[in-house]
Structure formats: structure tokens, C-alpha cells
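Notes follow once the structure below has been shown.
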């Protein structure tokens, strides 16, 4: 296993949060490297299903220093964002190494050791920006289903559901988007959620955004596992959603009790027959490689102060908790770089915007 030269900071992940952190680390004068598990630029966006067109995305916030160029709204969002991130890496000469899958981060005296397949990096600090895409959450329900089950992480578009009976499980934006698409070609769709959906009327203002961030920030400061964005902000009543509601596509059913060979069943004996169950049940933060540092509380969360892990100020999490959004990622990258500049080189310095 090769040992790479030591650096001030290792950034793990080259999505929106990782690239934002890299930009501000460069401005802070810190030596760093970015390790990315993907084969190419784009972060989690490169894995989005092809039918998710740019015009249907709620919003992609600009990376610092380079605006997202205008693009055809009918192009797949995965292609547009991957191209944009690639241009960004070239524009700012960001040192991204890929594909590099980090396996563990460990203590090494005053330093940290970042272990990946075939190489080790010694670093004074880590900015973790691994997001959630690599950890789809599959809830467990008793029983057996003989049809097909897949998670939205593997969803590629509605075409494969033509003529099928489909149960979509989940109350988030991805569930709603997939359900609307699938309903156009499926024989029958059923929407199931654990809690009644909360619909957000009117524009999503900056005040709404600040209030949502504050609620999530309060949770992570207490060491709780961050809630999903939708649980804080609600689902937007877009024209597409309103049309689907009028057509009956978004009629919500409470969560079923168990799986049966031909579908799903409720406690009152009602059964819905299905060929496919699509689990749009979200993701968990991909933090297993940080386990050797023992950062988690007994409840599974991590006590945070901004982007800094309270238990180890050498470790910053961006794209986690209140920064798990495209606009929050930029703010988190700036905050992490500023704090690490002070920690590693404690002289007055300013990190620009």
C-alpha cells in the first residue's frame, strides 16, 4: 500500500459540498487533496435517473466563483451537472483523485490517516463530503413479496414499469417525481407513506429556508440524526403536482403492515396486488469510514458545532445536517475552510466569498 505525501486537509467527496470546500481551502492557502469514489465528476448527480430533466429540478445552486451556465431544460440533470462540475474542477485546478474509495479514517497521533484501496494519506484534518447516495435506506417489513423490489437509487425511468402494477413507498420529492412519471405508463399505481404528506403552498422563500436550516442545525448540535429535508420543508405544490392531484395520482395511503407474495397488506385485511415495489425511502449519511474515530453518540448522531465535529475539531462534515442542500453546501465549505485555517495555521486570515 502506497503512502502519499502529507497534506493539511483531505477532502472526501467531490460533490457540491466537497468542491465548495476545496474552493475555499485554496483561498485559505491550505494544502489539500480531494478523494472521490466516482469514476468521473458530478457527485451524486451523475447517478440521477435520465428522465429527471433539468427543468424539473427544484434548483441547483451555483458553486462559488463560477455560475452554472444556462442549459436546455430538457437535458438530463445528471449530464448538465456532471459537465458543470467537470468545468469547475478544471477552472480552479482542483486536485481530485478518482476513483478513490476511502475505507477508513484513523488516529495517528496529532494527525489522521486516510486509508483507501492501494494508498494512504496522512493529514492534519479531514473535510468529509460523502453525502448519502451510497447508503440507500431499505426499511424492513415482515412477509415475502415475489415481485420486483428496487430503491430509487436504482430507478432509471418509467419505461420499465409500462403495464405494471406499482406500489411507491415514501413521502419525499423523489417519490412524488417517480410516481407522477410511472403513473403515465403503469397499469396501476399506489402511493404509501408512513405519515401524511405536508404540502407547501406558494413560493419557497429565503425565510422558509432559514427556518428549515435552523431546525436541522438545532438537532445536530444536540447530536441527533439529521431529519430529511422534506420533513422540515414540506413538498412543493408545483403545477405538475397539482395536475397529478386532480388526476388522483397522488392519493396517499397509510403504510401497509406486511408484504404478501402478490403485493402488500394492511392490518384490516386489505391487500393491493403489485408487480413492483419502489422504495423511495431515502438515504442515510455515508459515514462508515469515520467509525474508527468513534464520533457518534449512543443515538447514532454526531454532535456538531456548525461544520465542526465537537468530539474532534480536526474533522468537519459538509453536506451533513443543515448543509445538506445545494445552497447550504457552499456556506458549509466556506465555514469549514475558515475554521481549519485558524486551527492549522493560527494567524489572522480571511477566507473570501
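The values are calculated or read from the model by the stated rules, or taken from the named source; none is laboratory data. Note that the coordinates shown come from a computational prediction; the quantities given were computed from them, not determined experimentally. For neighbour counting, all protein chains shown are included, and Cβ atoms are generated from backbone atoms with ideal geometry for every residue, glycine included.
Applying the criterion of being in contact (Cβ under 8 Å) with a residue 24 or more places away in the chain and over 21 Å from the mean Cα position of the chain (by Cα) to the residues of region 63-75, the residue that is surrounded by the most Cβ atoms within 10 Å (Cβ to Cβ) is 65.
Within region 304-322, if we keep just the residues that are touching a helix residue (DSSP H, G or I) at 6+ places or on another chain (Cβ under 7 Å) and assigned to a loop (DSSP other than H, G, I, E, B), the residue that is farthest from residue 109 (Cα to Cα) turns out to be 319. Within the span defined as region 278-288, one or more residues are surrounded by 13 or more Cβ atoms within 10 Å (Cβ to Cβ), outside any loop (DSSP other than H, G, I, E, B), touching a strand residue (DSSP E or B) at 6+ places or on another chain (Cβ under 8 Å) and at pLDDT 95 or above.
Test residue 41 against the criterion of being surrounded by 20 or more Cβ atoms within 10 Å (Cβ to Cβ), in contact (Cβ under 8 Å) with a residue 12 or more places away in the chain and part of a loop (DSSP other than H, G, I, E, B), and give yes or no. It is true that residue 41 is surrounded by 20 or more Cβ atoms within 10 Å (Cβ to Cβ), in contact (Cβ under 8 Å) with a residue 12 or more places away in the chain and part of a loop (DSSP other than H, G, I, E, B).
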